[in-house]
Amino acid sequence: MIAYAVRRLFVLLVTLLAASGAIFVILEILPGDPALLILGIEAQEDTLAALRAQLGLDRPAALRYVQWIGGLVVGQLGNSHTYSVPVSELIAQRLVVTIPLSLMALVLSTVLAVPLGMFAATRHNRIGDYGVMSFAQIGMAIPNFWFGILLVLLFAVTLGWFPSGGFAGWSNGVGPALWSLFLPALALGLPEAAILARVTRSAVLETLVADYVRTARAKGVGEGAILIRH
């Protein structure tokens, strides 16, 4: 088990290294000058040269990549050329919203998908099953952003139940902040719920014909207890 985990960790590190190298090469190949973007097209050449030296853009690309990898190992991600602040600070600012949003989407998708999948499995080849599978098919076909637009139009613009102006901010309280994240989390969670509902349905259908389930039925255990407990 330990050897397997070490191998998987090694593969992960190699994959991340290859991905970072590919992205670095692509950014080097693409046209554009960060110094010119920051200072504008009217900047003097000596000013541009000074900024390139400050940003390290005058050094060889391979050296800059190695130095970036070295900083990454010790947690130094460098500074953003666009915002002129440490990249780690930008990531931390986004994680404050991204982590709660992701957790809410995960909880919502699970809460929706598992009961729906179990409901469809217990009504196999009946109207309830067809309805859940139709929902799952639609959920997998419609993109997240389209779900988001529909949810905003219905619950924010038409009904006024949720804010439509973006994230409320944690400074306004945990309740208002989570309330403003509910619609985005639901838009993210619905497609995942559709996939998970299909998986749950297949798993429950397979389990309902297992030997231990037939034994439980033979002992007189009710269908509700079999479904929930077994």
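The values are calculated or read from the model by the stated rules, or taken from the named source; none is laboratory data. This structure is a prediction, so every number in the text was calculated from the model and none was measured. When we count neighbours, we look across all protein chains shown, and the Cβ atoms used for this are built from the backbone with ideal geometry, even at glycine. Protein only, heavy atoms only, side chains kept; ligands, DNA and RNA dropped before computing areas. Shrake-Rupley method; radii C 1.70, N 1.55, O 1.52, S 1.80 Å.
Over 25 Å, how big is the tail of the calculated P(r) for region 1-114, in percent of all Cα pairs?
The answer is 47 percent, as a whole percent.
Given a 1.4 Å probe and the protein chains all in place, what does the accessible area of H124 round to, in Å² to the nearest 10?
Roughly 80 Å² of H124 is accessible to a 1.4 Å probe.
At most 13 other Cβ atoms within 10 Å and a DSSP loop assignment: could you name the trypsin sites (Lys or Arg not before Pro) in region 1-102 that fit?
Listed in order of number, the matching sites amount to none.
Ranked from the most accessible area to the least, with a 1.4 Å probe and all protein chains present, what is the order of L17, L108?
Largest accessible area first, the residues go L17, L108.
If I ignore ligands, DNA and RNA and count only protein heavy atoms, how much of Y130 is accessible to a 1.4 Å probe, in Å² to the nearest 10?
Y130 has an accessible surface of roughly 130 Å² with all protein chains in place.
Among F162, F155, what's the order by accessible area (1.4 angstrom probe), most exposed first?
F155, F162
In what sequence, highest mean first, do 25-32, 72-79, 133-140 appear when ranked by Cβ atoms within 10 angstrom?
Going from most to least packed, we get 133-140, 72-79, 25-32.
Keeping all protein chains in the complex and leaving out DNA, RNA and ligands, what accessible area do you get for L13 with a 1.4 Å probe, in Å² to the nearest 10?
100 Å²
Accessible area, 1.4 Å probe, largest first: how do E89, E42 sort?
Output order, biggest surface exposure first: E42, E89.
Evaluate the distance, in nm, between pseudo-label points positioned 7 Å from the Cα of V107 and of A53 along their respective Cα→Cβ axes.
That separation, rounded to one decimal, is 5.5 nm.
State which helices in the chain qualify, where a helix is a whole DSSP H run, it must extend 24 Å or more along its own axis by its Cα atoms, and its mean Kyte-Doolittle hydropathy must be at least 0.0.
Membrane-span-like by this criterion, though nothing is claimed about a membrane: 2-29, 87-122, 174-208.
Count neighbours as other Cβ atoms within 10 Å of each site's Cβ, and list the trypsin sites (Lys or Arg not before Pro) in region 172-230 that are DSSP loop with at most 13 such neighbours.
K219
Run through every distinct alpha carbon pair of the chain and return the Kirkwood hydrodynamic radius in angstroms, one decimal place.
For the chain, inverting the mean 1/r across all distinct Cα pairs yields 23.0 Å.
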